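So the structure is just underneath, and the comments pick up after that.
The values are calculated or read from the model by the stated rules, or taken from the named source; none is laboratory data. As the structure is a computational prediction, the values presented were derived from the model and not from experiment. Note: accessible area is taken over every heavy atom of the protein model, side chains too, but ligands, DNA and RNA are not part of it. Shrake-Rupley method; radii C 1.70, N 1.55, O 1.52, S 1.80 Å.
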Amino acid sequence: NREPATPRLIIPTSKGSYVARCTRSITDEELAQQPGLQKAEKAGKVHIFNIKALYADEKSPVFITEGEIDALSIIEAGADAAAIGSTSFTGLLISALKEKPTSRPLIICMDNDEPGRKAEKQLIEGLQRLNIAFITADICGQHKDPNEALTSDRAAFIEAVAAAERHTSKPDNTADYIRRGMAAEIEVLRAQSDRK
């Protein structure tokens with residue numbers, strides 16, 4: 001056991017596994033110059049972070065993110081979240097849900113990049129096969145991921161999380177939707193009007 005090259009944040013993913021994330025910015029140049037240096041490393045068997053949220057006795061939705069820090073950002077915003085840990089681990093979540101389905105609706109929000117979109121597609125296909133309720137949501141706006149969105153504009157991120165949660169619940173009738181939900185959804189769309 002060597003001392004890590006950078007300060008680390010340890011995020012337990014099970015009793016015998018964790019993710020160690022560097023707490024300072026590392027440039028691509030530093031990564032190239034120091035072969036052992038990593039932004040994040042996993043120890044132990046790979047597990048879904050906060051998988052217990054999927055099976056809590058609640059009706060509110062659970063956000064599914066790519067990274068553990070992203071799930072923690074959503075939890076900080078007041079919602080439940082779990083993380084697959086990497087775009088390579090979409091099958092791990094689908095297998096867990098096949099073995100033990102959840103009754104909670106899921107909100108899929110992968111990173112705002114090409115690997116994130118590919119992982120989102122794989123999750124959608126898997127959840128459709130299992131007939132598990134889900135929606136996709138863009139809670140990041142112009143940011144790469146939920147953590148970057150939280151640290152860039154906390155209030156806007158908290159509202160985006162709340163709006164996504166509201167979107168999973170169906171109003172009793174059209175008048176109720178117009179009175180309680182439509183204005184908030186228009187504001188979310190207006191805030192993202194510069195996106196294609």
Sorting Lys42, Lys59 by accessible area (1.4 Å probe), largest first, what list results?
-> Lys59, Lys42
In the full protein assembly as shown, how much of Glu76 is accessible to a 1.4 Å probe, in Å² to the nearest 10?
-> 100 Å²
Arg117 accessible area, assembled protein chains, probe 1.4 Å, Å² | 120 Å²
Between Asn131 and Ala56, what length in nm is gained on full extension when 0.36 nm per residue of separation is reduced by their alpha carbon distance?
-> 25.1 nm
Over the stretch 37-122 - Rg/Rh using Cα atoms and the Kirkwood inverse-distance radius = 0.95
Whose amide H sits under 5 Å from the amide H of Val62, counting only residues 5 or more places off or on another chain, with H placed in the peptide plane?
-> Leu106, Ile107
